[in-house]
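Asker: Quick one: the structure is below, and I'll ask about it shortly.
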Amino acid sequence: MNEQRKHWMNFILAFVLMAAIIQSGLDTKFSPAAFADPSNIKAMSRFVAGLWPPETDAAFLTAIGKLLLETVEISIVATALAIVLAFPMALAAMRPRGEEYSRTVIGTPLWLLRWFCYHAARAILALFRGVPELMWALLFVVAVGLGPFPGVLALTAHSIGILGKLYAEIFESVDLRLVEMTRASGASELQTLAYVRLPVTLPVFLSYTLFRWECNMRSATVLGFVGAGGIGTQLMISMKLFMYQEVSTLIMAIFLLVVAVEMIGQYLRTHILGDPGKVKQSCRILSE
């Protein structure tokens, strides 16, 4: 009977999912036939033809180089700030686990306070990551003006929400038996974090952090659309002026930048995270 019920539940779930996909396609007017519309073909042909040849003026290429550097710097500063601010938020957002956090051990007031901090931290992190980077950028452009600074703040705010949640769940995934043994030896929660949670999760911790930097790098390329600095500013200007040759050069520059960041991230993952000796050495340094 249970198997039959499970079969029907799977069938209903698949039907609901398919119906949702079809209805969403209808509501969003999804139509592959739009690519064959003569007016659309003409517009795309005109755009593609305008991309060649790319703009190679020395002054323009120099300006692009400066904007690319600014884009990279925005992503680096934003990621560094997000790490510093997300770490304490992650500690508050970790689910209280273990007998030491039971109501009978710590008392009702402290038990309620700990759970309040947990839910408050989770809500704040959800707010930070729930607002897209472009919306954060619009808010900070109004608050502090145009330029790369609002871009840094926008990426920082969104990354705090992402990294804070990831860090909290990474630390929660540590085997509770290791944590309990460390607590039983008289270690504080800070010592448990330094000697157990962080060393055990260090490879995953670094991997997610590097990946977030790569995401910030990509996001920084479009923040200029709202005046938050980076190469997106020039891309928006060139698009509005129909300077498609400049757009072509900018697209290639962004592509090369993204590829370079991917290669750097892959190199770091391969030579640091992929080397068990270096990971163990880092863990030993943290525990000393």
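The values are calculated or read from the model by the stated rules, or taken from the named source; none is laboratory data. Since the structure is predicted, the reported quantities are computational estimates derived from the model, not experimental observations. Note: ideal-geometry Cβ built from the backbone for every residue, glycine included; neighbour counts use all protein chains shown. SASA here: full protein model, heavy atoms, side chains in, ligands and nucleic acids out. Shrake-Rupley method; radii C 1.70, N 1.55, O 1.52, S 1.80 Å.
Asker: So in segment 117-130, with the set limited to residues that are buried (at least 16 other Cβ atoms within 10 Å of the Cβ) and within 14 Å of the chain's Cα centre (by Cα), which one is modelled with the lowest pLDDT?
Answerer: Taking the candidates together, the pick is Arg129.
Asker: Considering only segment 252-266, I want to know if a residue exists there that is at pLDDT 80 or above and not in a helix (DSSP H, G or I).
Answerer: Within segment 252-266, not a single residue is at pLDDT 80 or above and not in a helix (DSSP H, G or I).
Asker: Further question on the same structure: Given the condition among the charged types (D, E, K, R) and in contact (Cβ under 8 Å) with a residue 24 or more places away in the chain, answer yes or no: does some residue in segment 215-223 qualify?
Answerer: Yes, there is a match, as at least one residue in segment 215-223 is among the charged types (D, E, K, R) and in contact (Cβ under 8 Å) with a residue 24 or more places away in the chain.
Asker: Could you please give the count of residues in segment 36-52 that are of a type outside the set (A, V, I, L, M, F, W, C) and either modelled with pLDDT of 85 or more or open to solvent by 80 Å² or more (accessible area, probe 1.4 Å) (or both)? Spell out how you get there, then give the answer.
Answerer: Initial filter on segment 36-52 (of a type outside the set (A, V, I, L, M, F, W, C)): 37-40, 42, 45-46, 50.
Remaining after also requiring either modelled with pLDDT of 85 or more or open to solvent by 80 Å² or more (accessible area, probe 1.4 Å) (or both): 38, 42, 46.
The qualifying residues number 3.
Asker: Same structure, new question: Residues of segment 58-86 being of a type in the set (D, E, K, R), surrounded by fewer than 17 Cβ atoms within 10 Å (Cβ to Cβ) and closer than 10 Å to Ile231 by Cα, which ones?
Answerer: Of everything in segment 58-86, just one residue is of a type in the set (D, E, K, R), surrounded by fewer than 17 Cβ atoms within 10 Å (Cβ to Cβ) and closer than 10 Å to Ile231 by Cα, namely Lys66.
Asker: When you look at Glu55, is it assigned to a loop (DSSP other than H, G, I, E, B), touching a helix residue (DSSP H, G or I) at 6+ places or on another chain (Cβ under 9 Å), open to solvent by less than 100 Å² (accessible area, probe 1.4 Å) and in contact (Cβ under 8 Å) with a residue 60 or more places away in the chain, yes or no?
Answerer: Against the criterion (assigned to a loop (DSSP other than H, G, I, E, B), touching a helix residue (DSSP H, G or I) at 6+ places or on another chain (Cβ under 9 Å), open to solvent by less than 100 Å² (accessible area, probe 1.4 Å) and in contact (Cβ under 8 Å) with a residue 60 or more places away in the chain), Glu55 qualifies.
Asker: Before we move on, is Leu13 in contact with a Ser or Thr (Cβ under 8 Å, 6 or more places away or on another chain) and either of a type in the set (A, V, I, L, M) or part of a helix (DSSP H, G or I) (or both)?
Answerer: Details: in contact with a Ser or Thr (Cβ under 8 Å, 6 or more places away or on another chain): no; either of a type in the set (A, V, I, L, M) or part of a helix (DSSP H, G or I) (or both): yes.
In short, no.
Asker: Okay, moving on. Of (1) touching a residue at least 60 places away in the same chain (Cβ under 8 Å); (2) over 14 Å from the mean Cα position of the chain (by Cα), Leu241 satisfies all except one. Which?
Answerer: Checking Leu241 against (1) touching a residue at least 60 places away in the same chain (Cβ under 8 Å); (2) over 14 Å from the mean Cα position of the chain (by Cα), the one that fails is (1).
Asker: Could you please find all residues in segment 208-226 being within 30 Å of Ile170 (Cβ to Cβ), over 12 Å from the mean Cα position of the chain (by Cα) and assigned to a helix (DSSP H, G or I)?
Answerer: Residue satisfying the conditions is Leu223 alone.
Asker: Quickly run through segment 227-243 and pick out the residues that are crowded, with 24+ Cβ neighbours inside 10 Å and either assigned to a helix (DSSP H, G or I) or among the hydrophobic types (A, V, I, L, M, F, W, C) (or both).
Answerer: Step one: filter segment 227-243 for residues crowded, with 24+ Cβ neighbours inside 10 Å, giving 228-232.
Scanning segment 227-243 gives Ala228, Ile231, Gly232.
Asker: Which pairs do you get when a residue that is part of a helix (DSSP H, G or I), found in segment 137-154, comes within reach of a residue that is of a type in the set (Phe, Trp, Tyr) and open to solvent by 20 Å² or more (accessible area, probe 1.4 Å), reach meaning Cβ atoms under 6 angstrom, with the pair 6+ apart or on two chains?
Answerer: Within 6 Å, the pairs are Pro150/Phe140; Leu153/Phe140; Ala154/Trp136; Ala154/Phe140.
Asker: Scan segment 1-47 residue by residue and report those that are among the hydroxyl-bearing types (Ser, Thr, Tyr) and closer than 27 Å to Ser248 by Cβ.
Answerer: Those that are among the hydroxyl-bearing types (Ser, Thr, Tyr) and closer than 27 Å to Ser248 by Cβ: Ser39, Ser45.
Asker: Continuing with the same structure: Tell me the residue from Ile124, Ile162 that is aliphatic (A, V, I, L, M), closer than 29 Å to Arg197 by Cβ and in contact with a Lys or Arg (Cβ under 9 Å, 6 or more places away or on another chain), please. Write out each step before concluding.
Answerer: Values: Ile124 fails: in contact with a Lys or Arg (Cβ under 9 Å, 6 or more places away or on another chain).
After applying the criteria, what remains is Ile162.
Asker: Here's a follow-up. For Gly65, state whether it is at pLDDT below 85 and either under 17 Å from Ser219 (Cα atoms) or more than 20 Å from the chain's Cα centre (by Cα) (or both).
Answerer: Considered against the rule, which asks whether it is at pLDDT below 85 and either under 17 Å from Ser219 (Cα atoms) or more than 20 Å from the chain's Cα centre (by Cα) (or both), Gly65 comes out as no.
Asker: So is Val174 open to solvent by less than 40 Å² (accessible area, probe 1.4 Å), over 20 Å from the mean Cα position of the chain (by Cα) and modelled with pLDDT of 85 or more or not?
Answerer: no
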